[in-house]
């Protein structure tokens with residue numbers, strides 16, 4: 001941990017290799033053309049924020065990265081593996097890609113702790129002691145250690161979402177995907193979740209964040225994509241894009257949301 | 001006096017257009033209750049009175065085709081006579097009168113009652129009054145038809161003496177059939193239900209064929225042919241009772257499969273995605289995330305299936321099971337054909353109700369609990 005932090009300013013050559021790469025990704029849902037040829041390369045410790053109007057394909061793009069949606073056309077690479085290849089072991093790949101959903105999707109019949117330990121035991125084959133210790137560490141990391149034995153139904157949306165983040169983090173993923181994780185929350189609960197995400201970004205986690213939180217996008221993102229009508233219309237430095245939007249579509253979008 | 005004075009009227013308040021408050025809410029309620037009670041009490045009183053008294057076979061009964069040779073003729077006669085008794089008649093007509101008053105007053109005035117409680121009293125009184133009228137009319141109709149014949153055939157318990165142990169054995173056999181069928185059906189249904197959800201047609205198709213076959217043919221056909229299909233088709237010689245349990249399991253499996261499929265489909269898609277996103281395989285996700293949640297949701301419909309199955313076990317009466325293997329219904333049929341007394345069927349119905357009513361209560365309680373949304377927390381156990 002310490003060394004990787006120190007190495008940050010002078011990025012090593014290895015880190016320059018993209019962690020995730022998309023090549024000409026298209027996605028059709030029936031006749032609906034949702035992604036129209038998306039190319040993207042994410043480096044380690046990138047915080048890529050994806051903004052754009054609803055229906056523009058943001059969530060679908062994110063879900064293609066973890067292969068929850070299979071691209072109709074194009075390739076997705078994770079490190080040096082083509083995970084769109086039919087022979088790719090997606091279950092193994094997904095252990096390296098943490099995903100957090102808008103609707104939390106915690107398992108309601110399990111305690112917070114069990115939500116986190118389940119995959120550690122069943123997928124990573126950790127012993128129950130190891131899984132317990134790792135889960136408690138991650139719950140503490142998101143400030144939910146005191147609610148380890150609570151059921152999701154007993155917790156607020158913000159608390160549930162933090163546990164969902166801990167569940168993903170416990171797998172020690174190489175990249176975290178956030179799919180509008182604050183959109184379902186009451187306004188007063190958004191802050192506690194964003195705080196956790198900001199801390200993660202500060203610790204050097206590679207993240208891809210679909211969000212409507214423009215403040216977060218501007219301050220935390222290292223790179224921003226503006227996705228509209230299934231295409232990346234504009235990408236670059238978040239601040240740059242906010243203050244000097246080049247395309248009309250982005251200008252129009254920013255006028256509406258800011 | 002000053003203390004009880006009405007509060008000052010607000011001069012700006014809109015005019016009161018609610019009209020005068022209706023009187024007598026409590027009276028209507030009492031009338032309605034009385035109507036029903038009088039009818040029931042008169043019948044029960046006469047019946048008990050005749051049953052306890054030491055009467056003989058009356059000429060009236062003999063005219064109604066109850067003969068001295070009939071086993072239990074006096075008991076039957078008592079029931080018939082009690083029905084014609086002046087006390088019963090008085091109760092019936094009084095009940096109709098009281099009920100009519102309650103119905104007219106309640107229906108006419110409930111809208112003008114000045115509190116929710118009084119309105120409820122008026123409505124309850126009117127409804128009870130109507131029920132009292134209907135019950136009284138039903139009894140009048142019944143006793144004007146052939147109460148002698150009916151009672152002789154359905155309410156003559158004298159022939160059932162000595163059948164107590166047989167009925168208990170029958171009830172145990174019925175429960176064995178139903179329980180064995182349900183447990184086997186749940187196992188078959190869970191597997192089939194998961195198969196029908198496969199994205200592959202080659203996996204779905206056999207499950208669908210199985211389900212459609214067992215849902216599409218009569219259970220009685222399956223029971224009658226099952227024994228010989230096993231024997232001639234596969235050389236498997238099993239006891240007829242065991243074959244019956246097997247058929248019930250296979251049949252219930254088809255219905256349970258649909259219940260499980262619906263239960264699994266009712267779990268939000270995000271649950272599967274969340275499980276897959278932490279690297280679980282499809283089967284792991286099913287096993288740890290989806291099925292445990294679905295099982296809670298399918299408990300009420302599965303218990304419902306169980307109640308249906310208990311009643312359907314009566315179909316084994318076509319199999320000619322040996323006496324020790326007889327279920328309630330087979331036993332009742334045998335008793336009836338030996339004595340020409342259908343009271344065996346009356347007792348059989350009571351025996352089924354003794355088993356099914358508590359279960360129906362449990363189903364309703366489970367559904368209520370599920371609707372309350374507490375299952376995720378309280379139902380999760382340790």
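Bear in mind these aren't lab numbers, they're just calculated from the coordinates by the rules spelled out. This one's a predicted model, so the numbers in the text were calculated from it and none came from an experiment. Cβ atoms come from the backbone with ideal geometry, glycine included; neighbour counts cover every protein chain shown.
Quick look at the numbers
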read-out	value
Antiparallel DSSP beta bridges within the protein assembly as shown, as percent of all bridges there, nearest 5	55 percent
Alpha-carbon centroids, the stretch B:118-169 and the stretch A:174-216: separation in whole Å	69 Å
Ranked by how many other beta carbons lie within 10 Å on average, peptides B:213-222, B:326-335, B:280-289 from highest	B:326-335, B:280-289, B:213-222
Exposure proxy ranking, count of Cβ atoms within 10 Å, fewest first, for B:209, B:308, B:267	B:209, B:308, B:267
Packing-based ranking, highest mean first, of B:40-51, B:62-73 given that Cβ atoms within 10 Å are counted	B:40-51, B:62-73
Alpha carbon Rg of the protein assembly as shown, scaled by the compact-globule rule 2.2 N^0.38 Å	1.43
Sorted by Cβ neighbour density within 10 Å, fewest at the top, the residues A:229, A:240	A:240, A:229
Rounded to 10°, Cα long-axis angle of helix A:157-169 versus longest principal axis of chain A	90 degrees
Fully extended contour minus Cα-Cα distance, from residue B:93 to residue B:67, at 0.36 nm per residue	6.3 nm
Using a Förster distance of 25 Å, the FRET efficiency for residue A:96-residue A:39 (Cβ separation, nearest 0.05)	0.70
Virtual paramagnetic centre 7 Å along Cα→Cβ of residue A:89, amide N under 20 Å, in the stretch B:277-291	B:277-286
Rounded Å value of the spacing that divides the Cα centres of the stretch B:255-303 and the stretch A:25-48	30 Å
Percent RCO, i.e. relative contact order, over chain A, from Cα pairs under 8 Å lying at least 6 residues apart	25 percent
Fluctuation leader among A:45, A:167, A:199 - chain A, Gaussian network, Cα springs under 10 angstrom	A:199
Average other protein chain Cβ within 10 Å of Cβ, residues A:101-107	5
Neighbouring partner chain Cβ atoms per residue of B:279-291, average, 10 Å criterion	4
Residue-span extension gain [residue A:214 to residue A:29] - 0.36 nm each, minus C-alpha spacing	63.8 nm
Chain B: relative contact order as a whole-number percent, Cα under 8 Å and 6+ apart	17 percent
A:212, A:132 arranged by Cβ crowding within 10 Å, fewest neighbours leading	A:212, A:132
Computed lengthening from residue B:217 to residue B:104, 0.36 nm per intervening residue step minus Cα-Cα distance	35.5 nm
Expected 222 nm ellipticity per residue - DSSP helices of 4 or more, -39500 (n - 2.57), all of the protein assembly as shown, to 500	-18500 deg cm²/dmol
Inter-chain Cβ neighbour average for residues A:160-169, partner chain, 10 Å	1
Packing-based order for B:360-366, A:86-92, B:292-298, using average beta carbon neighbours within 10 Å, highest first	B:292-298, B:360-366, A:86-92
